[in-house]
Amino acid sequence: MSLGAELTVVLAALAFVWPFVGAVLVAALAAPRSREYAIWVAGIGCALALAVFLFPVSEAAAAGWDDDPVQRAGRVMLAFGLLLMVLESPVLPDRLLRSLPHVSTALAGLACVAPDPAVGLGILVIELGWGVFVFTRPAGQAMTGWSLIRTGAVGVFLVLCGLTLPQDTLVAGLTMACGLVVLTGLAPFGQFGREDNDVFLLLPLAATTLLLAMRLRVHGGGAFAMALVAAGLLSVWLTGCVGRLSGRRMFRTFPLALGFMAVGIQADVAALLFLCGWCLAGGGRLERGWAVRALACFPPGAPFVGCLLLLSMLPDWSWSIAVLTVAGLLLVVVRGLPERVPLHLVWPDEAAGQLACVVLAGMGFLVPLAMMLGAF
């Protein structure tokens, strides 16, 4: 192996190990200093993820699919999602709780590069179990932990059952798709975001599930794709129909619904753009205008460009689905947005919102450009 190939392997290994190192560092420090160091740790993780994307491991050393640029870009989104979570979080006195975003992101990254999707699901189970342990340590949080473990365990069980069935069959595809939808917490099939700190666990978990769905298409076949599109379309329409107040929790999973539809029709670049919006705004408070605009796929962010790519490919897949999707998107824009959020673009005051807006707009420009240049 040449020196350059060895350096890329070391860089990739460092990118996966670094969040664990950050978790130990953040947990070891005193609470007043922990947030400052957590920001630095998350920022270095973003730089490492970008370096791995730009200088990937060569095919001779990669584990087959790891040279997929969409998967590498997805791990960049996870790194920036961690940075936004840290920026938006106050100083937390509980050591394990403030280290949980770093541990969850680290395990999510490992699940993405697992050579077998079943191994990746096993890593997600470890992530879920650790998160439930952290959440249920304080008194009175047992119901929160039970809700998380119940939903996650059902989703993982269904996906594993589908993997044991013959490839490209109706039952296998439907079972795996249902499991992924439940594991992600896609409204109304799963339960998501009951507590403010749930996002520490569920944001990287849902993002990784969307990336794993791209790898499971080979086993699920046409039934898998149809089920993902149907689940995403149903979630879009329900998000728009429930209105402003009762649909606030459902509104958070709106980019995930479109992302599943994109995976179903093999529009992976569009799914990547929806994933960008989810990672950067999925943990944001809905009272903040930039988070709402990103989740609603407003221009000029990456999710808006993902909508354009998705709608450009849907007519080739199904004209009726394309029309229903456009109608659902319009319904969400009209009814799903909170009343007090202005429709015009406003530059946010907080550092987290400014970073999110820059990255969202940048990805909306760079990803299609890279697609035209043949990078995807």
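Points to keep in mind about this one:
- Tabulated pairs, the range 198-215, first not assigned by the TED database to the domain that holds residue 23, second of a type in the set (Asp, Glu) and open to solvent by 10 Å² or more (accessible area, probe 1.4 Å), C-beta under 6 angstrom, 6+ apart or interchain: 214/268
- Among the residues making up the range 75-106, those that are assigned to a loop (DSSP other than H, G, I, E, B) and more than 29 Å from residue 271 (Cα to Cα) are 90, 91, 92, 93, 94.
- Tally of residues being within 16 Å of residue 78 (Cβ to Cβ) and of a type in the set (Phe, Trp, Tyr) across the range 252-275: 1
- Filtering the range 37-56 for residues that are hydroxyl-bearing (Ser, Thr, Tyr), outside the structural domain of residue 136 (by the TED database) and open to solvent by less than 20 Å² (accessible area, probe 1.4 Å) leaves an empty set.
- Residue 85 vs. criteria modelled with pLDDT under 90, within 20 Å of the chain's Cα centre (by Cα) and buried (at least 18 other Cβ atoms within 10 Å of the Cβ): yes
- Test for residue 294: is it touching a residue at least 12 places away in the same chain (Cβ under 8 Å), closer than 19 Å to residue 227 by Cα and crowded, with 19+ Cβ neighbours inside 10 Å: no
- Pairs, first without any contact (Cβ under 8 Å) to a residue 12 or more places away in the chain in the range 144-172, second in a helix (DSSP H, G or I) and open to solvent by 20 Å² or more (accessible area, probe 1.4 Å), C-beta under 6 Å, six or more apart: 165/171
- Listing of helices (runs of 4 or more DSSP H) fully contained in the range 168-253 that carry 1 or more residues being under 30 Å from residue 133 (Cβ atoms) and modelled with pLDDT of 90 or more: 170-184, 199-241
- Neighbours by Cβ (under 7 Å, 6+ apart or cross-chain): first from the range 262-283, open to solvent by 10 Å² or more (accessible area, probe 1.4 Å); second assigned to a loop (DSSP other than H, G, I, E, B): 269/376
The values are calculated or read from the model by the stated rules, or taken from the named source; none is laboratory data. None of the values given here were measured: they were computed from a predicted structure. Glycine gets a Cβ as well: all are built from the backbone with ideal geometry, and neighbour counts include every protein chain shown. With ligands, DNA and RNA removed, areas are computed over all heavy atoms of the protein, side chains included. Shrake-Rupley method; radii C 1.70, N 1.55, O 1.52, S 1.80 Å.
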